[in-house]
1. Being surrounded by 10 or more Cβ atoms within 10 Å (Cβ to Cβ), assigned to a helix (DSSP H, G or I) and in contact with a Leu (Cβ under 6 Å, 6 or more places away or on another chain) narrows it down to one of Met159, Met180, Met169, Met151, so name that one.
2. Scan Tyr49, Tyr78 and give me the residue that is of a type in the set (Phe, Trp, Tyr) and open to solvent by 20 Å² or more (accessible area, probe 1.4 Å).
3. Can you confirm whether Ala90 is at pLDDT 90 or above and assigned to a strand (DSSP E or B)?
4. Looking at the stretch 61-74 only, could you name the residues that are at pLDDT 90 or above and either open to solvent by 20 Å² or more (accessible area, probe 1.4 Å) or not aliphatic (A, V, I, L, M) (or both)?
Amino acid sequence: MILRPLIIVVLVLGILSPASLSLRFELRSGHTKCISEDIQSNSMTVGKYHVVNPNQDHPLPDSHKLTVKVTSPQGNSYHTAEKVETGQFAFTATEEGGYMACFWADDRSPEITVTVDFDWRTGVQAKDWSDVAKKGQVEGMELELKKLYDMATSIHDEMFYLRAREEAMQELNQATTSKMFWLSFLSLFLCLSVAGLQFWHLKTFFEKKKLI
């Protein structure tokens with residue numbers, strides 16, 4: 001009976017915890033592909049990328065190398081690498097919002113396609129738990145409890161972050177609704193004014209023509 005609530009808690013934490021972004025994509029020469037990740041302030045983030053060698057029996061050709069840049073929502077650069085086949089970045093976010101990782105392949109003729117593996121982890125997922133176990137000399141259940149504690153803390157912070165964003169969106173909706181009300185009122189006033197002027201103009205015209 002004790003295991004059932006524990007399993008439910010673990011499942012909920014697993015569902016709500018920040019997920020890592022791991023993907024493989026293709027990039028044509030002369031093109032850029034940008035990937036965005038929404039990161040909270042003071043959250044740790046780690047990214048790794050490498051170009052997939054189309055021919056494992058030979059070294060990766062220079063034509064398959066990339067230029068990579070990671071920027072913050074305000075445009076500050078956190079990572080830059082030119083003409084590389086592999087790389088990684090790690091930093092603690094100082095700004096809240098969408099961080100952008102952009103990959104660019106040099107223009108080639110004829111056009112080639114580069115395949116890239118990219119793994120981007122944020123929050124609890126970014127922590128190296130094997131390193132934590134070695135430094136803290138913890139094993140088994142204690143390590144799992146540390147993971148759950150950090151995960152619960154991350155979820156707690158995420159809930160407050162989402163609540164703050166919801167309040168900001170509500171304020172924006174209220175402000176937009178208020179502006180739309182006054183805009184509608186002004187539009188109605190202008191329509192009535194134009195209609196009144198047209199009615200006055202027609203009445204004056206017919207009076208001059210002695211039609212009424």
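1. Details: Met159 fails: in contact with a Leu (Cβ under 6 Å, 6 or more places away or on another chain); Met180 fails: in contact with a Leu (Cβ under 6 Å, 6 or more places away or on another chain); Met169 fails: in contact with a Leu (Cβ under 6 Å, 6 or more places away or on another chain).
The conditions single out Met151.
2. Numbers: Tyr49 fails: open to solvent by 20 Å² or more (accessible area, probe 1.4 Å).
Selected residue: Tyr78, the only one of Tyr49, Tyr78 that is of a type in the set (Phe, Trp, Tyr) and open to solvent by 20 Å² or more (accessible area, probe 1.4 Å).
3. Details: at pLDDT 90 or above: no; assigned to a strand (DSSP E or B): yes.
It is false that Ala90 is at pLDDT 90 or above and assigned to a strand (DSSP E or B).
4. Residues of the stretch 61-74 that are at pLDDT 90 or above, as a first pass: 66-74.
Selection gives Thr67, Lys69, Thr71, Ser72, Pro73, Gln74.
The values are calculated or read from the model by the stated rules, or taken from the named source; none is laboratory data. The structure displayed is predicted, hence computed values, not measured ones. Neighbour counts run over all protein chains shown; Cβ positions are idealised from the backbone, glycine included. Keep in mind that these areas ignore ligands, DNA and RNA; they rest on the heavy atoms of the full protein, side chains included. Shrake-Rupley method; radii C 1.70, N 1.55, O 1.52, S 1.80 Å.
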